[in-house]
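As structure tokens, the structure follows; a few thoughts come after it.
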Amino acid sequence: MKKGWIVVLICSFILLTACSGQTKSTTDAPPTVDAGSPEATYQKNCMNCHGMNLQGAIGPDLTKVGSKLSKEDIHKVLENGKGRMPAQKSYIKAEDLEKLSTWLSEKK
């Protein structure tokens, strides 16, 4: 009889151990994007200050930045910085800055 309980306990332990690593993460992860896309550039260089969904954090909300600034103005801010935002031209390639400017200008 004792052997039966030991087997049940061992099987229960194995089952609980196997299932314990399958919990769903409760943190929001950024969506997966193509490496060369403006979204990827945003995630890598802008998300820490402007939030995962452009909602703003340390930096301002960018969800409707295209209705406030032209593509050219957005590009100037990205390239040269403004206020507390540092210039990004040293960190982001010119081609990617152009794509990011276009993408942000479409946020209206």
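The values are calculated or read from the model by the stated rules, or taken from the named source; none is laboratory data. What you see is a predicted model; the values in this text were computed from it and never measured. Every residue, glycine among them, receives a Cβ derived from its backbone with ideal geometry; neighbour counts consider all protein chains shown.
Which of the residues belonging to region 45-70 are in a helix (DSSP H, G or I), surrounded by 14 or more Cβ atoms within 10 Å (Cβ to Cβ) and out of contact with any strand residue (DSSP E or B) (no Cβ under 8 Å at 6 or more places or on another chain)?
Across region 45-70, the qualifying residues are Asn45, Met47, His50, Val65, Gly66.
Name the residue that is farthest from Ala87 (Cα to Cα), counting only residues in region 35-44 that are in a helix (DSSP H, G or I) and touching a residue at least 40 places away in the same chain (Cβ under 8 Å). Write out each step before concluding.
Initially, region 35-44 is screened for residues in a helix (DSSP H, G or I), giving 38-44.
Keeping just the survivors that are touching a residue at least 40 places away in the same chain (Cβ under 8 Å) gives 38-39, 41-42.
Values: Pro38: 17, Glu39: 19, Thr41: 15, Tyr42: 14 Å.
Filtering first and then ranking leaves Glu39.
Would you mind telling me which numbered condition in (1) surrounded by 18 or more Cβ atoms within 10 Å (Cβ to Cβ); (2) closer than 15 Å to Cys49 by Cα Ile74 fails?
All conditions pass for Ile74, except number (2).
Can you find a residue that is more than 24 Å from Ala35 (Cβ to Cβ) and surrounded by fewer than 16 Cβ atoms within 10 Å (Cβ to Cβ) anywhere in region 85-97?
no
Just to be sure before I move on: is Val65 modelled with pLDDT under 95 and touching a helix residue (DSSP H, G or I) at 6+ places or on another chain (Cβ under 6 Å) in the structure I sent? Outline the logic, then answer.
On the way: modelled with pLDDT under 95: no; touching a helix residue (DSSP H, G or I) at 6+ places or on another chain (Cβ under 6 Å): yes.
Here the answer is no, as Val65 does not meet what is asked.
What number of residues within region 60-70 satisfy the criterion of being more than 22 Å from Val33 (Cα to Cα) and in contact (Cβ under 8 Å) with a residue 12 or more places away in the chain? Write out each step before concluding.
Step one: of region 60-70, the residues more than 22 Å from Val33 (Cα to Cα) are 60, 67-70.
Subset that is in contact (Cβ under 8 Å) with a residue 12 or more places away in the chain: 67, 69-70.
Final tally of qualifying residues: 3.
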